[in-house]
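Notes to accompany the following structure.
The values are calculated or read from the model by the stated rules, or taken from the named source; none is laboratory data. Quantities reported herein were computed from a predicted structural model and do not represent experimental measurements. Here the Cβ positions follow ideal geometry from the backbone for every residue, glycine too, while neighbour counts run over all protein chains shown.
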Ligand code: SF4
């Protein structure tokens, strides 16, 4: 046990300040936003709708001591029924489309959907014209914010989550929410 | 009837891998497999191809591992209803690959399990996506009803089923697990995978070899470097490209960093699943440190597109050397402290030992590969066995454990971290000078080539055929998870359900890599 304590003490505190989506969104403002909107921690359910698992690696990194997601008042939950937001990766495979829709429906309103990665934003290298895939997440469920990147860095992910929080009620046309331009062209 | 490997006429393929190729009849294929299986060979991969347009017919490709070299065979059927011998009697892992080959190409393997594997409901039973006359639009119009997958049922007093997935509680990939249990004890596990099937092999068709590299790196993101390397080797074999020594050294550096990142992440995850969240916190920090050094040196945390046909994308700046060497030294020291803690933590060791045992005998019978095989006493590592440069200059591939349990898979990871760190140091202190890439020439048309390398999980293979117009005709990326998923079904038997996450994590297999 003493070795564990020694290592903890030696490691010290490595958590860094959260990155800002906008300059005004400082860390305490994020806390305040979460508190105002939810009155408790922001609960996120992650759904892999067909990713290559690269995006999941960076989502995992959000929980490490440097980014310390829980310290920002954000936690991952095991059920969509307890979730305020869905963090969805991948081009949607047809085999996952139903599960994704059901997860979305099981998430109580108001809910946020954050599409993570180039694939989730536009189909990525896998495209949108596959016999087995449906492309971007917005083709299957409404999306509020997209986070491009392959995979997006944890910093970009945090910024995406913060951006989604900024205006959770001002979602107009969710289907056009993709901010990513398709760059991968076949030919 | 008998047939020996030497009765067939083989051709050595150009490139770095020791591969011999032959076209064999379907009867010869079965006899050859019988011969080599009897001599301890393993099945690496099996896939199909529609070559009717080239006047050939349907082709079944089989890759066999004879420890220090590979055999690559092509067998042809001209029937509109192609049938091939069932190899699953000789190589149990062939079963799922054969089922996938049926789903994608309509090949029949006489007498074998004929349940669908990759196909759930995204396309019709009698439509075969990798046949060239397949029309995607025809199958995607009305959504097909979800088919009921015929799981094997266990019956008896007190036995009941627990169904888990495809969406799991944590941040992991989707798949379905059907446990048959009595009380808490697992009698049987049956996996149903294919949820992330996104048509990668079809997507490869028609891409240029450069575009194909990007896709190959995204078959299983956690093994992006290994896939990109295997793919590049296949292209280099088809173009007779000599990769510069500096590029080879940098490739190995990238691959070892991928191995380190995954092993660090897994050691944290395994500790956490055994109740030590301290382990997760510490190892995730070390992994983050490694990724940040990647970002400093290569400009990205994950090095998806660093390995390209002909070489690598980024040269190391002179300033990068001390950064890399210092961070390796720091990591070595930190991992040693954590290993000591893991080794002496009674609670952890109690959970690790005897959990999820895969015996040496079973590992051999099932043809398990990579890290999991080495934890069950099977010495095999393509880096060393196939003498893939630059690994031929290093004394590696000696990591081995006997237990076959979670403890053994943890021990192998610790030892491989030590080995990787040493390889990285060696590569950096003795880095060849010169070019980091050369232009790849024109690809030889219609020939089959393979590339392969030992990724952190196990051997990764890429099979490639390019058409006369320089576009990809067929690419099959092969994940070691194909070979190891079935072993997990065995390793969980007689364990308790609550230990499944721990045992599963100790294998850490790829869903997307096998779902394709
Ligand atoms: S965006 Fe990149 S990392 Fe994420 S799932 Fe797609 S290919 Fe993988």
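Residues checked against (1) within 16 Å of the ligand (Cβ to nearest atom); (2) within 16 Å of residue B:284 (Cα to Cα); (3) within 14 Å of chain A (Cβ to nearest Cβ):
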residue	(1), (2), (3)
B:312	no, no, no
B:317	no, no, no
B:331	no, yes, yes
B:340	no, no, yes
B:344	no, no, yes
B:350	no, no, no
In the set B:285, B:292, B:301, which member is within 16 Å of the ligand (Cβ to nearest atom) and without any contact (Cβ under 8 Å) to a residue 12 or more places away in the chain?
B:301
Screening B:205, B:236 for residues that are away from the ligand (no atom under 16 Å from the Cβ), under 20 Å from residue B:515 (Cα atoms) and in the same structural domain as residue B:386 (by TED's automatic domain parsing) leaves only B:205
Residue B:241, sole failed condition from (1) assigned to a helix (DSSP H, G or I); (2) away from the ligand (no atom under 16 Å from the Cβ):
(1)
Residue among B:387, B:419 that is over 19 Å from the mean Cα position of the chain (by Cα) and either in a helix (DSSP H, G or I) or surrounded by fewer than 18 Cβ atoms within 10 Å (Cβ to Cβ) (or both):
B:419
Residue check: is residue A:63 surrounded by 14 or more Cβ atoms within 10 Å (Cβ to Cβ), modelled with pLDDT of 75 or more and closer than 16 Å to residue B:291 by Cβ?
yes
Can you go through B:357, B:399, B:412 and tell me which one is buried (at least 16 other Cβ atoms within 10 Å of the Cβ), touching a residue at least 40 places away in the same chain (Cβ under 8 Å) and part of a loop (DSSP other than H, G, I, E, B)?
B:357
Output the number of residues of region B:310-337 satisfying the condition of being more than 16 Å from residue B:250 (Cβ to Cβ) and over 28 Å from the mean Cα position of the chain (by Cα).
9
Mind listing whichever residues of region A:68-80 are facing another protein chain (nearest Cβ under 8 Å) and either over 16 Å from residue B:171 (Cβ atoms) or buried (at least 17 other Cβ atoms within 10 Å of the Cβ) (or both)?
A:76
Mind checking which residues of region A:94-122 are within 11 Å of chain B (Cβ to nearest Cβ) and over 17 Å from the mean Cα position of the chain (by Cα)?
A:94, A:95, A:96, A:97, A:98, A:99, A:102, A:106
Could you grab me the full set of residues in region A:115-160 that are on the phi > 0 side of the Ramachandran plot and in contact with a strand residue (DSSP E or B) (Cβ under 9 Å, 6 or more places away or on another chain)?
A:117, A:123, A:127, A:149
Region A:28-67, residues that are in contact (Cβ under 8 Å) with a residue 40 or more places away in the chain, over 14 Å from the mean Cα position of the chain (by Cα) and more than 9 Å from every other protein chain (Cβ to nearest Cβ):
A:30, A:31, A:33, A:34, A:37, A:38
Region A:81-93 - residue that is more than 16 Å from the ligand (Cβ to nearest atom) and surrounded by 19 or more Cβ atoms within 10 Å (Cβ to Cβ) and, of those, farthest from the other protein chains (Cβ to nearest Cβ)
A:84
Within region B:323-336, identify whether any single residue is closer than 18 Å to residue B:454 by Cα and outside any loop (DSSP other than H, G, I, E, B), and answer yes or no.
no
Considering each residue of region A:83-139, count those that are touching a residue at least 60 places away in the same chain (Cβ under 8 Å), farther than 20 Å from residue A:54 by Cα and not in a loop (DSSP other than H, G, I, E, B), and give that number.
1
